[in-house]
Amino acid sequence: MVAWTSFRPHNVMLLATFLDLKCSLPVGLGLSETKITSHGFDGAKEGVVEAGQFPSKGSSASPKSSVISPSSAAASRLAGQGCDLIIPTGGRAQQKSGPVVLADEVKNPAMEKLELVRKWSLNTYKCTRQIISEKLGRGSRTVDLELEAQIDILRDNKKKYENILRLAQTLSTQLFQMVHTQRQLGDAFADLSLKSLELHEEFGYNADTQKLLAKNGETLLGAINFFIASVNTLVNKTIEDTLLTVKQYESARIEYDAYRTDLEELNLGPRDANTLPKIEQSQQLFQVHKEKYDKMRNDVSIKLKFLEENKVKVLHNQLVLFHNAIAAYFAGNQKQLEQTLKQFHIKLKTPGADAPSWLEEQ
């Protein structure tokens, strides 16, 4: 039976130093070749462990020794490794190893946000420098002549279509006021035809004429409003969506030229151990922005093609509608005016009729 006894904290310090010494001994040096000297735990030095080979018989050389002072770090290190120490009365220490868990490194969200801000600031600086260089005539820019010409034509056409849209809206407002006046005038003539017996027929003719003009005006107003709605959709939705893609393409072009210029400047400089990593990193960033630029250029080309086809189809139908409706109205051809609206499936709202329910609009 081996008797187990409790020990004081000084013993733990000595044991921790003893185990550290065992791990730090050079290869070939055993514990039997070391000597441990204790000067008392109540003195200035708690304990000294002298490691070194004892001199052999007949040797006068003094042994080289290393002095290791016990510290609380060793005991803390043992405790932190999850080791349980069992001290028998014989003084031999046994180490019972427990499981060791390595915690994963926790990512810091603040550092990630800081890195994103740093990349954004660097990209903004490069793009701003590229824009200023282009405006001052010092920097070069990538130009696709065919695509740039199509974009310029689109922007010019958008301005012209917006002008047509404003004029058509003005015409619609003025026609609405005229139709409203004609309707009121027709009601006034009809009232006088009933109260003036001597002018009953004359007032009656004018009342019928004004009411017919008001009716035809409402039909023409429906055609003009349909024309305005279609052109407005074309200008402010379809064309605007294409121009938004064009803006993204231009931003990608600026980034591409900025990183291209940066790479060219690095390639013109010296190539050494310090610059080669920078050149390689710049080459990778340049390739990323080149792929983005090529993708946006392809997207713009496709959208311009579909926009042109849609624009021709929409404007062809709307211009035919506008022409036939105006011509039939001023020619006084009521049947042709109504036929024009039927041809384009335009339904007029009856004055005073209730608005359709949401089920009818679906």
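Applying the condition of being over 18 Å from the mean Cα position of the chain (by Cα) and of a type in the set (Gly, Ala, Ser) to segment 251-294 and asking which residue is farthest from Leu147 (Cα to Cα) yields Ala273. For segment 295-330, residues that are surrounded by 15 or more Cβ atoms within 10 Å (Cβ to Cβ) and over 38 Å from the mean Cα position of the chain (by Cα) total 8. Pairing each residue of segment 183-196 that is in a loop (DSSP other than H, G, I, E, B) with any residue that is of a type in the set (D, E, K, R), provided the two are 6+ apart or on different chains, yields C-beta distances under 9 Å for Ser196/Glu202.
Taking interchain pairs and intrachain pairs at least six residues apart, which have beta carbon atoms under 6 angstrom, with the first residue in segment 319-342 and polar (S, T, N, Q) and the second open to solvent by 30 Å² or more (accessible area, probe 1.4 Å)? Taking only residues 6 or more apart or on different chains, the pairs are Thr340/Asn324.
Within segment 331-348, one or more residues are out of contact with any Cys (no Cβ under 7 Å at 6 or more places or on another chain), surrounded by 10 or more Cβ atoms within 10 Å (Cβ to Cβ) and modelled with pLDDT under 80.
Okay, residues lined up against (1) in contact with a helix residue (DSSP H, G or I) (Cβ under 8 Å, 6 or more places away or on another chain); (2) surrounded by 15 or more Cβ atoms within 10 Å (Cβ to Cβ):
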residue: Gly137; (1), (2): no, no
residue: Val143; (1), (2): no, no
residue: Ile151; (1), (2): yes, yes
residue: Gln169; (1), (2): yes, yes
residue: Met178; (1), (2): yes, no
residue: Ser196; (1), (2): yes, no
residue: Glu201; (1), (2): yes, no
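Being open to solvent by less than 20 Å² (accessible area, probe 1.4 Å) and of a type outside the set (A, V, I, L, M, F, W, C) is the filter here; which residues of segment 205-243 pass it? Result: Asn216, Gly217, Thr219, Gly222, Thr242. Total residues in segment 180-194 satisfying the condition of being under 20 Å from Ile326 (Cβ atoms) and open to solvent by less than 70 Å² (accessible area, probe 1.4 Å): the figure is 1.
May I ask you to verify whether Val101 is open to solvent by 70 Å² or more (accessible area, probe 1.4 Å) and at pLDDT below 50?
yes
Test each condition in (1) at pLDDT 85 or above; (2) within 30 Å of Lys305 (Cα to Cα) for Leu116 and report the one that comes out false. Tallying (1) at pLDDT 85 or above; (2) within 30 Å of Lys305 (Cα to Cα), Leu116 fails exactly one: (2).
The values are calculated or read from the model by the stated rules, or taken from the named source; none is laboratory data. Keep in mind it's a predicted model, so treat the numbers as computed, not measured. With ideal geometry, Cβ positions are generated from the backbone for all residues, glycine too; neighbour counts draw on all protein chains shown. Protein only, heavy atoms only, side chains kept; ligands, DNA and RNA dropped before computing areas. Shrake-Rupley method; radii C 1.70, N 1.55, O 1.52, S 1.80 Å.
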